[in-house]
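First comes the structure, then the notes that go with it.
A short reminder: the numbers here are calculations on the coordinates, not readings from a lab. Keep in mind that what you see is a predicted model, and the values were worked out from it rather than measured. Here Cβ is always computed from backbone atoms with ideal geometry, including for glycine, and neighbour counts include all displayed protein chains.
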Amino acid sequence: MAVSLPILVILIALHLIAFVFAVGAERRRSAAKVVPDEYDDRTYCVYTTDASTVYGLSAFFLLLISQAIVNALTRCLCCGKGLVSGARSTCAVFLFIFSWISFLGAESCLLAGSARNAYHTKYRGYFGVNDLSCATLRKGVFAAGAALTLISMLASILYYWAHSKADTGGWEKHHNEGIVLATHQQQQGSDFGKA
């Protein structure tokens, strides 16, 4: 299997768009403030926009599509035709594991951040209560997802490249054996005719 330039462009584009969405999610996290109710003496939490939830989930699905493409092309390393043994296959296995670890880390940050950002506290307190807690997402969760998205992009591209270099293609490993055998049989046949 050779490295395909259109596939590389698609992988890079999906990862970079996911990165942009993750950075956008970090910048548009929900904020909350405690507001007194105008009709009684209670307070409640008022939240700003939920745009970062949409951005985070968009980044999540783009990253999922990209990982699915890489694993479909390489047949998830375990279902393919086999790799030529040596340093290239060792590198491909290492990069396979590293790409999955970075992918799962990015996905967990993006999904957990989106879920936590979408959660709005419904708790109401009495007026004058200063410790009313309005749950919001901590700063840096989507940023960690964005950083892991870039690491996942690098690992996926390197894994795809290493796998394509170590892939036997079902033929390369034994491509000269048939020629040697045929030449040897022809020589024996000509020697037999002389006798």
Between Ile17 and Thr48, what's the calculated FRET efficiency when r is the beta-carbon distance and R0 is 25 Å? Round to 0.05. 0.55
Fully extended, how many nm does the chain gain between Arg75 and Ala135 (0.36 nm per residue separation, minus their Cα-Cα distance)? 17.4 nm
